[in-house]
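S.K.: The structure follows.
The numbers here are math on the coordinates, done by the rules we state, and not lab data. Every value quoted in this text rests on a predicted model; they were computed, and no experiment measured them. For neighbour counting, all protein chains shown are included, and Cβ atoms are generated from backbone atoms with ideal geometry for every residue, glycine included.
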Amino acid sequence: MPEALEATTKDATAPESVPAAPPAEKDARARSLWSDAWHDLRRNPLFLVSAVLIVVLLAMAVAPWLFTSADPRHADLAKHYLQKPNWSHFFAEDWFGYDIQGRSIYARVIYGARASIAVAVGVTALVTILGTLVGMLAGYFGGLLDTILSRITDVFFGVPFILGAMVVLTSFEERKLWVVILSLAFLGWTQIARVARGSVITIKQADYVVAAKALGASTSRILLRHILPNAMAPVIVVATIALGGYISAEATLSFLGIGLAEPTVSWGVDISSGQEQLRNAAFVLIIPSVMVSITVLAFIMLGDAVRNALDPKLR
Amino acid sequence: MRGATHAKWAAGAAAVALVATACGGGAGSGGADGILSSSWGDPQNPIEPANTNEVQGGKVLDMIFRGLKRYDPKTGEAKDMVAERIETTDSRNFTITLKPGWTFSNGEPVTAKSFTDAWNYGAHVGNKQANAPFFSDIVGYDDVHPASGNPRAKTMRGLVVKNDRTFTVALKDTFSSWPETLGYQAFVPLPRVFFTDHDAWLNKPIGNGPYTVESYAKGSGMKLRRWDGYKGDDKAKNGGVDLTVYTDNNTAYTDLMAGNLDLVDDVPAQQLKNVRNDLGDRYVNQPALIIQTLVFPMYRPEWSKPGMEKVRRGLSMAINRKEITQQIFQRTRTPTKDWTSPALGRDGGYEDMCGDACAYNPAQAKKLIQEGGGLPGGKLTLTSNVDTGSHRAWMDAVCNSVNNALGRGAVCTVNPVGTFADFRNQQTAFRLTGPFRSGWQADYPLIQNFLEPLYYTGGSSNYGKFSDKRFDALVDKANRETDRAAAVKDFQAAERILAAQMPAIPLWYQNGSAGWSDRLSDVTLNQFSVPVYDQIKVS
């Protein structure tokens with residue numbers, strides 16, 4: 001899991017830092033699109049709330065031991081079978097009670113953040129890279145390549161996401177974190193590819209691209225220096241909003257028993273086993289569900305804020 | 001078979017309605033014509049009598065067939081059914097006379113030939129029937145079912161039809177309790193159409209029992225209706241039974257509570273706390289001839305090599321049976337002390353054979369596992385179907401118990417298989433690489449039934465492929481004994497070998513449980529924990 005963790009931390013910061021980083025770019029104008037966006041974001045309460053939540057969630061994913069000393073896998077059936085939450089014991093092992101196996105629910109929701117966020121961030125990173133690449137090539141070169149890539153995109157776009165993920169995942173015997181990430185990314189890149197293609201087609205007609213071409217810049221330089229940075233804005237908006245969706249997709253698939261599986265600690269897995277206890281001990285189901293809701297909400301709010309900032313026309 | 005064995009794999013019972021057809025059990029007409037709906041699991045195989053050795057298919061066979069004998073639903077005693085008398089002078093050559101007047105539901109009379117044809121079909125190697133070993137005591141079995149090579153005959157010499165109502169059976173060896181094995185479903189008669197139009201028969205099986213099959217949709221359910229022409233005295237007291245396939249017993253229970261289902265014969269562990277409140281008197285929980293075990297794949301060298309018996313014993317000691325049965329199962333299971341069932345009674349051979357090996361002792365467990373060379377690959381994966389019997393919950397608990405005892409993180413994980421049929425297929429194909437669940441539901445209260453089919457070399461349900469010459473010799477000796485007490489002693493001696501070798505970890509004795517709607521009355525479970533459908537009244 002160390003690799004997964006590393007990937008998480010690196011990637012996790014990506015969507016956030018992206019709006020921040022470009023202002024550093026030596027753009028001649030006083031206020032680029034990016035710095036303008038950052039200026040707006042800092043004043044947006046929606047962004048601030050979601051950013052705080054996301055920072056806490058990322059901290060949980062990276063260093064869960066900071067939040068609890070309890071072991072999420074330690075089960076004490078005799079003492080803790082479905083023990084009720086102790087709401088006044090803040091941050092204690094028994095704060096949220098225990099599940100049917102006698103495991104601390106508080107420890108499990110803290111440790112569960114890692115799987116959910118790793119999946120969400122991993123999938124988002126992969127779909128962004130793959131989608132942008134496909135979209136950029138199709139949009140810039142056009143012609144036959146565009147036709148082929150766009151038709152491939154259409155084919156993948158036509159596959160219902162959850163159904164497709166179910167089909168892909170059931171063909172794996174052992175479903176580890178990376179299998180889930182790859183399966184979701186395998187099906188999820190189409191939207192980004194379409195957005196990126198549209199954006200690239202617009203930008204390649206811009207004066208500075210034409211000028212660069214006239215000055216004899218190589219294709220790779222044009223793509224990387226001129227097209228890519230300017231086509232990224234809509235891609236980032238779509239990716240940030242989709243990120244929340246991947247968290248719920250992971251929870252959905254784990255709930256159906258075809259996503260992550262024990263011994264991986266994941267909210268979806270816990271929701272799945274918790275729903276059987278609904279009548280006797282609803283908290284076993286409700287607590288991880290609330291965590292999923294909060295996380296999805298935080299990422300969707302972030303996506304909204306970023307979209308507003310990057311697309312002033314919406315205001 | 002040496003011996004008789006009937007046995008079925010206890011699935012528990014079943015659960016997610018693919019469709020809740022048959023809401024509230026059919027047409028709503030009550031009285032003697034009322035139809036009840038009941039939870040079911042998809043059978044592994046098509047419903048051929050000699051190819052069904054699991055409980056879900058067995059449930060149907062018990063409704064649509066009657067054999068020479070039938071086990072009394074209350075006492076388990078083998079009573080004559082289609083047989084008028086079974087006579088022998090030497091416990092080796094039997095003359096069987098049928099009662100007159102029995103017919104199949106298509107009108108064809110049940111004759112001696114109906115039996116011999118069915119048995120020859122079941123025994124023949126070419127028909128690949130899972131229960132073929134049940135016929136292996138009959139003279140000529142080796143000709144139709146050689147251990148290797150092609151069969152030398154089509155029928156067994158030991159079966160001779162004398163006239164329409166009489167046939168004789170010659171056994172290879174004396175076997176005094178052989179007639180008692182004839183209540184098993186592998187021994188039922190078959191109509192001509194089974195052989196002449198096999199596919200049609202499979203789509204809509206025809207038998208001689210109190211019910212007929214109205215329709216069967218694989219994976220979804222089966223509708224059975226009372227057959228008014230039934231010749232036995234245990235005529236159905238209701239109009240029929242709609243069996244509905246569920247893939248989650250929680251869903252079945254919820255459907256029962258919602259009034260969409262009349263009978264659930266597997267109350268999920270999660271609901272055991274509520275069941276008295278929910279159902280009051282419409283709930284039964286009684287001891288049954290069922291034991292749950294974890295079988296080791298002895299066909300895998302990493303599990304069977306010398307030294308591993310220590311690891312197997314160690315694992316058994318790492319399982320806190322008491323805690324799991326108390327909490328997860330709310331005391332509806334009892335921790336095991338042997339490989340049989342307390343329902344056999346002390347005289348029947350139930351005795352604490354497992355001793356220390358079945359007592360929770362994490363320190364000793366850890367030590368034994370280390371001495372034996374550790375777990376293969378340092379890992380342990382438990383496999384079971386999870387659509388019935390709340391198997392997921394206890395497998396997780398067993399894994400936690402093992403992980404806690406070994407204290408090395410998550411070495412034990414579970415491999416949940418979605419459906420019973422799929423799990424059975426993996427098991428019967430010997431594809432499993434780690435310990436897997438085996439729920440054994442006996443067919444009559446004899447210790448032989450708990451040992452021979454499961455652990456005898458080549459036994460009909462020996463899915464771990466355990467093989468031990470001393471065990472086999474003791475079972476053979478026991479089967480030759482004419483004195484019952486002496487036979488029990490021999491079987492117990494064989495059981496001691498299991499205790500030393502631990503080819504299967506006994507977990508707990510399972511009770512039969514069932515809950516039903518207020519439309520039903522006279523719901524009982526037989527000794528094998530299957531509802532006695534024909535006695536249920538619908539109001």
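S.K.: Round to the nearest 0.05 the FRET efficiency obtained for B:Arg152 and B:Glu214 when R0 = 41 Å and r is the Cβ-Cβ distance.
M.R.: 0.45
S.K.: Calculate the mean, over all residues of peptide B:248-254, of how many other protein chain Cβ atoms lie within 10 angstrom of the residue's Cβ.
M.R.: Mean shielding count: 1.
S.K.: Could you name the lysines in cross-link range of B:Lys99, using Cα to Cα under 19 Å and dropping any fewer than eight places away on the same chain?
M.R.: B:Lys69, B:Lys79, B:Lys113, B:Lys162, B:Lys231, B:Lys235
S.K.: Taking amide H atoms as placed 1.01 Å from N in the peptide plane, list the residues 5 or more away in sequence, or in a different chain, whose amide H sits under 5 Å from that of B:Phe104.
M.R.: B:Val110
S.K.: Now for a separate question. Quick query: amide H of B:Thr413 versus all other amide H atoms, modeled in the peptide plane; which residues come in under 5 Å with a sequence gap of 5 or more or a different chain?
M.R.: Under 5 Å from the amide H of B:Thr413 lie the amide H atoms of B:Leu380, B:Thr381, B:Leu382, each far enough along the sequence or on another chain.
S.K.: Got a sec? Charge dipole of the range B:287-511, +1 on Cβ for Lys and Arg, -1 for Asp and Glu; which of B:Thr340, B:Phe420, B:Met308 is way out at the positive end?
M.R.: So the residue furthest toward the plus end is B:Met308.
S.K.: With the cut-off at 28 Å, tell me which of the pairs B:Lys59/B:Lys128; B:Lys337/B:Lys537; B:Lys128/B:Lys489; B:Lys218/B:Lys273; B:Lys172/B:Lys305; B:Lys128/B:Lys204 have Cα atoms farther apart than that.
M.R.: B:Lys337/B:Lys537; B:Lys128/B:Lys489; B:Lys218/B:Lys273; B:Lys172/B:Lys305
S.K.: Please report, in whole Å³, the volume per residue of the convex hull around the C-alpha atoms of the range B:287-511.
M.R.: So the per-residue Cα hull volume is 107 Å³.
S.K.: In percent, how large is the relative contact order of chain B, given Cα pairs closer than 8 Å and 6 or more residues apart?
M.R.: 23 percent
S.K.: The range B:114-131 to the range B:135-192: how many Å between their Cα centroids?
M.R.: Distance between centres, Cα-based: 9 Å.
S.K.: Distance between the C-alpha centers of the range B:235-297 and the range A:92-166? Whole Å please.
M.R.: Computed from Cα coordinates, the inter-centre distance equals 39 Å.
S.K.: Which value at 222 nm does the protein assembly as shown reach when only helices count, each DSSP H run of 4 or more adding -39,500 (n - 2.57), with the total divided by all residues and rounded to the nearest 500 deg cm²/dmol?
M.R.: Mean residue ellipticity, 222 nm, calculated: -13000 deg cm²/dmol.
S.K.: Of the beta bridges DSSP finds with both residues in the range B:287-511, what % are antiparallel, to the nearest 5?
M.R.: That works out to approximately 70 percent antiparallel.
S.K.: Work out how much length A:Ile148 to A:Trp87 would gain on full extension: take 0.36 nm times their residue separation and subtract the Cα-Cα distance, in nm to one decimal.
M.R.: 16.2 nm
S.K.: How big is the charge dipole of the range B:120-240 about its Cα centre, in debye rounded to the nearest 20, if each Lys and Arg gets +1 on its Cβ and each Asp and Glu gets -1 on its Cβ?
M.R.: The dipole of the range B:120-240 has a size of about 320 debye.
S.K.: Farthest toward the dipole's positive end in chain A, which of A:Gln275, A:Tyr140, A:Gly97, given Cβ charges of +1 (Lys, Arg) and -1 (Asp, Glu) about the Cα centre?
M.R.: In chain A, that residue is A:Tyr140.
S.K.: If you take the square roots of the eigenvalues of the alpha-carbon gyration tensor of chain B and sort them as a ≥ b ≥ c, do you get rounded (a/c under 1.5), prolate (a/b over b/c) or oblate?
M.R.: Since a/c reaches 1.5 but b/c is at least a/b, the shape of chain B is classed as oblate.
S.K.: Where does the longest stretch of chain A lie that holds no GluC sites (Glu not before Pro) found in a DSSP loop with 16 or fewer other Cβ atoms within 10 Å?
M.R.: Longest stretch, sites excluded: A:26-172.
S.K.: Could you tell me which residue out of A:Ala115, A:Ser254, A:Ile203 lies farthest along the dipole of chain A toward its positive end? Charges go on the beta carbon: Lys and Arg +1, Asp and Glu -1, centred on the Cα centre.
M.R.: A:Ile203
S.K.: Report, in whole Å, the centroid distance computed from the Cα atoms of the range B:377-397 and the range A:253-313.
M.R.: Taking the Cα centre of the range A:253-313 as reference, the centre of the range B:377-397 is 25 Å away.
S.K.: Continuing with the same structure: Provide a whole-number value for the mean count of partner chain Cβ atoms within 10 Å of the Cβ atoms in peptide B:322-330.
M.R.: 3
S.K.: Hey, what do the phi angles of the range B:444-451 turn into as Karplus ³J(HN,Hα) couplings, whole Hz, using 6.51/-1.76/1.60 and θ = phi - 60°, x for Gly and Pro?
M.R.: Taking θ as phi minus 60°, the curve returns 7, x, 10, 4, 3, 5, 8, 10 Hz for the range B:444-451.
S.K.: Same structure, new question: Any idea what the relative contact order of chain A is, in percent, if you count C-alpha pairs under 8 Å spaced at least 6 apart?
M.R.: 22 percent
S.K.: Rounded, prolate or oblate for the range B:394-539? Axes are the square roots of the Cα gyration tensor eigenvalues, ordered a ≥ b ≥ c, and the cut-off for rounded is a/c under 1.5.
M.R.: oblate
S.K.: Would you mind working out the magnitude of the charge dipole of chain B relative to its Cα centre, with +1 at each Lys and Arg C-beta and -1 at each Asp and Glu C-beta, to the nearest 20 Debye?
M.R.: Around 980 debye, computed over chain B.
S.K.: Springs between alpha-carbon atoms under 10 Å, Gaussian network over chain A: tell me which of A:Ala78, A:Ala51, A:Ala165 tops the mean-square fluctuations.
M.R.: The residue that fluctuates most here is A:Ala78.
S.K.: Under 19 Å from the Cα of B:Lys310, which aspartates and glutamates turn up, not counting those fewer than eight places away in the same chain?
M.R.: B:Glu302, B:Asp338, B:Asp356, B:Glu371, B:Asp468, B:Glu495
S.K.: Under a GNM of chain A (C-alpha, springs under 10 Å), which listed residue has the highest mean-square fluctuation: A:Thr264, A:Thr124, A:Thr190?
M.R.: Maximum fluctuation in the GNM of chain A, among the listed residues, is at A:Thr264.
S.K.: Does the range B:55-208 classify as rounded, prolate or oblate by the C-alpha gyration tensor (a ≥ b ≥ c root eigenvalues; a/c under 1.5 gives rounded; else a/b over b/c gives prolate, otherwise oblate)?
M.R.: Taking the square roots of the gyration eigenvalues as a ≥ b ≥ c, the range B:55-208 is rounded.
S.K.: How would you rank A:237-246, B:212-221, highest first, on the average number of other Cβ atoms within 10 Å across their residues?
M.R.: A:237-246, B:212-221
S.K.: Only Cα pairs within less than 10 Å get springs; with that Gaussian network setup on chain A, which residue of A:Ala261, A:Ala59, A:Ala206 has the largest fluctuation?
M.R.: Answer for the Gaussian network model of chain A: A:Ala206.
S.K.: Could I ask something else about it? Eight or more residues apart or on different chains, and alpha-carbon atoms under 28 Å: count the Lys pairs in chain A matching that.
M.R.: Close lysine pairs under the 28 Å cut-off: 7.
S.K.: Expressed as a rounded percentage, what relative contact order does the range B:287-511 have, with Cα pairs under 8 Å and six or more residues apart?
M.R.: This gives 36 percent for the range B:287-511.
S.K.: While we're looking at this one, here's another question. Among the aspartates and glutamates, which have Cα under 16 Å from the Cα of B:Lys237 when same-chain residues fewer than 8 positions away are ignored?
M.R.: B:Asp33, B:Asp62, B:Asp228, B:Asp262, B:Asp522, B:Asp534
S.K.: Taking the Cα centre of the range B:67-192 as origin, work out the dipole magnitude from +1 charges on Lys and Arg Cβ and -1 charges on Asp and Glu Cβ, in debye rounded to 20.
M.R.: 260 debye
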